[in-house]
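Below is one structure, written out as C-alpha cells, with a few remarks after it.
The values are calculated or read from the model by the stated rules, or taken from the named source; none is laboratory data. As the structure is a prediction and not an experimental result, all values here were calculated from the model. Here the Cβ is made from the backbone with ideal geometry for all residues, glycine too, and neighbour counts use every protein chain on show.
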C-alpha cells in the first residue's frame, strides 16, 4: 500500500494533462450561445456618431449581422475590410463597439471606413454581457423579428460568410457577395 501512494502524484499529473489537452483542443468558435432562438436582449444605448439613444425596437425590422468590435481588438482590424465589402453589397450590419473608448472608435471608423448602418456604444459592456459575448470579434445573425439565429466567434471573412452566414441572407446567395 505505501508503494501505491508513490504513484498518486503521477496519476494526478496524467489526469491533469488529459484535461488540459482536452481543453486546448476545443474550438472557440463552437462555443454555444444561450441566445440562439431567443430575442436580442432589450437595451438603450447611445449611437456612436449621433449620440441618439437607440433601443432593440429601433434596430430590428430586417435581417442583420450584429458585429461586436473594438479598437483594441487586432482581429477586428483583420475582418474590417470584409465587413466593408458586405456593407457595400447591401448587407445590414449593426456594430456594437464593446468596452471601448468612443472617441477612439469614431476615429477608427473615420480612418478605416464605416461598414455599420448604426453603431451602438457599449462602453460598459452591459449589452455584450446580456448577449454572452466572450470577446471581440463576435458576429450574430439576427432575423427581421429580432431573434438571434446564429453566433460566430472570430473573424468574418469570405469563407465564413459563404459557409455559415449567407444562409440567413438568401438575397445575397444568388448575387455571390464576395466569393
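Per the conditions (1) under 24 Å from residue 43 (Cβ atoms); (2) out of contact with any strand residue (DSSP E or B) (no Cβ under 8 Å at 6 or more places or on another chain), the sole criterion not satisfied by residue 168 is (2).
Going through (1) closer than 16 Å to residue 122 by Cα; (2) in contact with a strand residue (DSSP E or B) (Cβ under 6 Å, 6 or more places away or on another chain) one by one, residue 49 falls short only on (2).
Just a yes or no: is a residue in the stretch 13-34 at pLDDT 95 or above, in contact with a strand residue (DSSP E or B) (Cβ under 6 Å, 6 or more places away or on another chain) and in a loop (DSSP other than H, G, I, E, B)? No, the conditions are met nowhere in the stretch 13-34.
In summary, residue 49 fulfils each of the numbered conditions (1) within 16 Å of the chain's Cα centre (by Cα); (2) outside any helix (DSSP H, G or I); (3) modelled with pLDDT of 95 or more with the single exception of condition (1).
So, restricting to helices (runs of 4 or more DSSP H) that lie completely within the stretch 70-169, which ones have at least 2 residues that are modelled with pLDDT under 95 and farther than 24 Å from residue 57 by Cα? The helices (runs of 4 or more DSSP H) meeting that bar number zero. Kindly indicate whether any position in the stretch 34-45 is farther than 22 Å from residue 126 by Cα and touching a residue at least 60 places away in the same chain (Cβ under 8 Å). Taking every residue of the stretch 34-45 in turn, none turns out to be farther than 22 Å from residue 126 by Cα and touching a residue at least 60 places away in the same chain (Cβ under 8 Å).
All of 82, 116, 98 fail the test of being closer than 27 Å to residue 172 by Cβ, crowded, with 20+ Cβ neighbours inside 10 Å and touching a residue at least 40 places away in the same chain (Cβ under 8 Å), apart from 116.
A residue that is touching a strand residue (DSSP E or B) at 6+ places or on another chain (Cβ under 8 Å), in contact (Cβ under 8 Å) with a residue 60 or more places away in the chain and within 14 Å of residue 153 (Cβ to Cβ) cannot be found anywhere in the stretch 53-64.
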